[in-house]
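Structure first, commentary second.
Please treat every number below as a calculation from the coordinates, not as lab data. What you see is a predicted model; the values in this text were computed from it and never measured. A quick note on method: Cβ atoms are made from the backbone with ideal geometry, for glycine too, and the neighbour counts reach across all protein chains shown.
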Amino acid sequence: MPISVPGTFRNSGFTLIELLVVLLIMGLCAGLVGALARPDDRVLLRVEAERLSQLLDLAAVEARLTGKPIAWTAALTPEGAQYSFWRWREDAGWSEASEDSLRVRRLPPGMTLSALRIEATRPPEGMRLEFGPEGSFAYDFQMSLGAARYAVAASPLGEVSIHASP
């Protein structure tokens, strides 16, 4: 038969302070994971701008090496903004590229492409660049997502780069 001292009791649970401390730590961890899992607009835009600049550089190099023109177009569709690469085929004219590297790509929701300028030409009717075997040309356009803005620009030597826009 157990004997206990009067006035003492067994502690069989957690105190309210201990539970609040655990909940606070769990809340901080969940908030940190949420902030790291979704990058901010500027980071997301920079990643997309770098990807697009590398693909444009690849298209220009491929056009010079193969001797066949490649075009890039951007459009706003009901699903959002997207861009495509097109190859010139002697038998069929322009056909959309479907390879892994130059396939159609959709931009994340809210991201836009605008203000295309091509050296020594009038502004084009849409977002379209044509890379030919004869060499490079200078161009630039804007990419934006929320308040974040980047410019994708190519020099007359064919060097494609991105710059943060104010």
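For the stretch 63-76, enumerate the residues that are among the polar types (S, T, N, Q) and more than 18 Å from L52 (Cα to Cα). Selection gives T66 alone. Among the candidates S95, S161, S114, single out the residue that is of a type outside the set (A, V, I, L, M, F, W, C) and either surrounded by 14 or more Cβ atoms within 10 Å (Cβ to Cβ) or assigned to a loop (DSSP other than H, G, I, E, B) (or both). Residue meeting the stated conditions: S161. When the stretch 22-64 is limited to residues that are farther than 19 Å from R105 by Cβ, more than 22 Å from the chain's Cα centre (by Cα) and not hydrophobic (A, V, I, L, M, F, W, C), the one that is surrounded by the most Cβ atoms within 10 Å (Cβ to Cβ) turns out to be R64. Whether a residue is in contact (Cβ under 8 Å) with a residue 60 or more places away in the chain, under 12 Å from A74 (Cα atoms) and not hydroxyl-bearing (S, T, Y) was assessed, and L129 passes this test.
Per-residue answers, yes or no, for (1) free of Cβ contacts under 8 Å to residues at least 40 places away in the same chain; (2) of a type in the set (A, V, I, L, M, F, W, C); (3) closer than 26 Å to G67 by Cβ; (4) not in a loop (DSSP other than H, G, I, E, B):
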{"position": "F137", "(1), (2), (3), (4)": "yes, yes, yes, no"}
{"position": "S144", "(1), (2), (3), (4)": "no, no, no, yes"}
{"position": "L157", "(1), (2), (3), (4)": "yes, yes, yes, no"}
{"position": "P166", "(1), (2), (3), (4)": "yes, no, no, no"}
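Take the residues in the stretch 53-81 that are in a loop (DSSP other than H, G, I, E, B) and either in contact (Cβ under 8 Å) with a residue 24 or more places away in the chain or in contact with a Leu (Cβ under 6 Å, 6 or more places away or on another chain) (or both); name whichever of them is farthest from Y139 (Cα to Cα). Per the stated criteria, the residue is E79.
Residues checked against (1) part of a strand (DSSP E or B); (2) among the charged types (D, E, K, R):
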residue	(1), (2)
Y83	yes, no
W86	yes, no
D91	no, yes
S101	no, no
T121	no, no
D140	yes, yes
A151	yes, no
